[in-house]
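The values are calculated or read from the model by the stated rules, or taken from the named source; none is laboratory data. Note that the coordinates shown come from a computational prediction; the quantities given were computed from them, not determined experimentally. As a convention, Cβ positions derive from the backbone with ideal geometry for all residues, glycine included, and neighbour counts pool all protein chains shown. Just so you know, the surface numbers come from the protein's heavy atoms only, side chains and all, with ligands and any DNA or RNA stripped out. Shrake-Rupley method; radii C 1.70, N 1.55, O 1.52, S 1.80 Å.
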Amino acid sequence: MRLFDIIKKPIVTEKTSLLELKNWSYVLEVSDDSTKIDIKKAISEIYWVEVESVRVLHTREKFKQWKKAIVYRQRSTKKAYVTLKDKNAKIDFSVLK
């Protein structure tokens with residue numbers, strides 16, 4: 001698996017930006033078949049930072065119904081919470097694809 005195929009996109013919300021400031025953690029959407037070791041290797045080689053830990057979270061598929069006929073589907077995803085060793089290190093997401 002290629003390194004750029006493992007990381008899909010960063011997840012930028014108000015909650016994740018607070019995590020970045022307090023814990024030096026970043027939240028990324030990753031491919032479904034990637035492992036913690038693959039994610040750690042991809043982050044360290046693409047962005048030149050040392051990774052302390054990687055936590056993985058699977059979100060389940062959700063359905064919402066509107067007017068009894070139209071059903072909206074939110075797909076299941078896999079997220080990775082990446083914590084950096086160096087407190088002064090930053091990840092520049094403009095490098096990604």
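For Phe93, the test of being in contact with a helix residue (DSSP H, G or I) (Cβ under 9 Å, 6 or more places away or on another chain), on the phi < 0 side of the Ramachandran plot and open to solvent by 50 Å² or more (accessible area, probe 1.4 Å) is passed.
In the set (1) free of Cβ contacts under 8 Å to residues at least 24 places away in the same chain; (2) open to solvent by 90 Å² or more (accessible area, probe 1.4 Å), Lys87 fails one condition alone, (1). In summary, strands (runs of 3 or more DSSP E) completely within the range 53-97 and bearing 2 or more residues that are touching a Ser or Thr at 6+ places or on another chain (Cβ under 6 Å) and not aliphatic (A, V, I, L, M) occur at 78-84.
Step by step: first the residues of the range 22-76, then only those that are among the hydrophobic types (A, V, I, L, M, F, W, C) and open to solvent by 100 Å² or more (accessible area, probe 1.4 Å), then the one that is nearest to Asp92 (Cα to Cα). Which residue is that? It would help to see each step written out before you state the result.
Of the residues in the range 22-76, the ones among the hydrophobic types (A, V, I, L, M, F, W, C) are 24, 27-28, 30, 37, 39, 42-43, 46, 48-49, 51, 54, 56-57, 63, 66, 69-71.
With the extra rule that they be open to solvent by 100 Å² or more (accessible area, probe 1.4 Å), the set shrinks to 37, 48, 63, 66.
Working: Ile37: 21, Trp48: 10, Phe63: 34, Trp66: 39 Å.
So, considering only residues that are among the hydrophobic types (A, V, I, L, M, F, W, C) and open to solvent by 100 Å² or more (accessible area, probe 1.4 Å), the one nearest to Asp92 (Cα to Cα) is Trp48.
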